């Protein structure tokens with residue numbers, strides 16, 4: 001056979017103090033009650049923020065200019081002159097014949113030519129390249145730690161009069177400690 005006991009509420013523990021009283025004896029006892037409580041708390045908060053700004057600009061310009069000019073001048077002359085003269089005669093008698101002839105000629109010519117040509121050209125090319133880059137970074141870390149502690153202590157003293165009014169028997173008072181069972185305690 002097996003028996004198990006489970007405490008439901010409070011139970012008596014060890015004897016803390018005993019007070020024997022003789023018949024008709026009276027005593028004054030002082031009951032001191034002292035308590036102390038302590039409480040501590042810690043609170044921590046951390047915040048992080050980060051920000052990044054980036055700006056990039058590129059500007060390119062290409063310009064080209066071409067300019068040309070052509071100038072031409074031409075002049076020409078021509079001159080021609082000529083003269084011609086011719087004559088002739090003849091006669092004859094019998095078996096003899098006589099002939100006379102004459103001829104004259106003059107000719108001339110002149111030519112002149114003049115020219116001028118001018119060509120000019122101009123070319124201009126311009127390249128512009130601009131590059132700009134800017135960055136800004138910000139990082140912030142905030143941390144707060146708060147520790148709070150509280151202690152209390154109190155004490156009270158009471159006096160009581162304990163008397164044994166029975167004049168024929170002695171009396172013993174026993175003071176027990178009170179036990180509070182925790183879960184899992186079995187007796």
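Since every read-out is calculated from the coordinates, none of them should be taken as a lab result. In this text, all values refer to a predicted model and were calculated from it rather than measured experimentally. Methodologically, a virtual Cβ is constructed for each residue, glycine included, from the backbone with ideal geometry; neighbour enumeration extends over all protein chains shown.
Quick notes on this one:
- Part-to-part distance (alpha-carbon centres) for segment 146-166 and segment 52-110, which is given in Å: 146
- Residue with peak Gaussian network fluctuation, the chain [Cα springs, cutoff 10 Å], from 120, 97, 45: 97
- Share of pairwise Cα separations in segment 1-148, more than 29 Å, in percent: 80
- Each listed q (0.21, 0.31 Å⁻¹) maps to a log10 I(q)/I(0) for segment 1-51, found by the Debye formula over equal Cα scatterers with no solvent: -1.07, -1.25.
- Protection proxy ranking, highest mean first, for peptides 164-173, 128-137: 164-173, 128-137, where packing is the per-residue count of other beta-carbon atoms within 10 Å, averaged.
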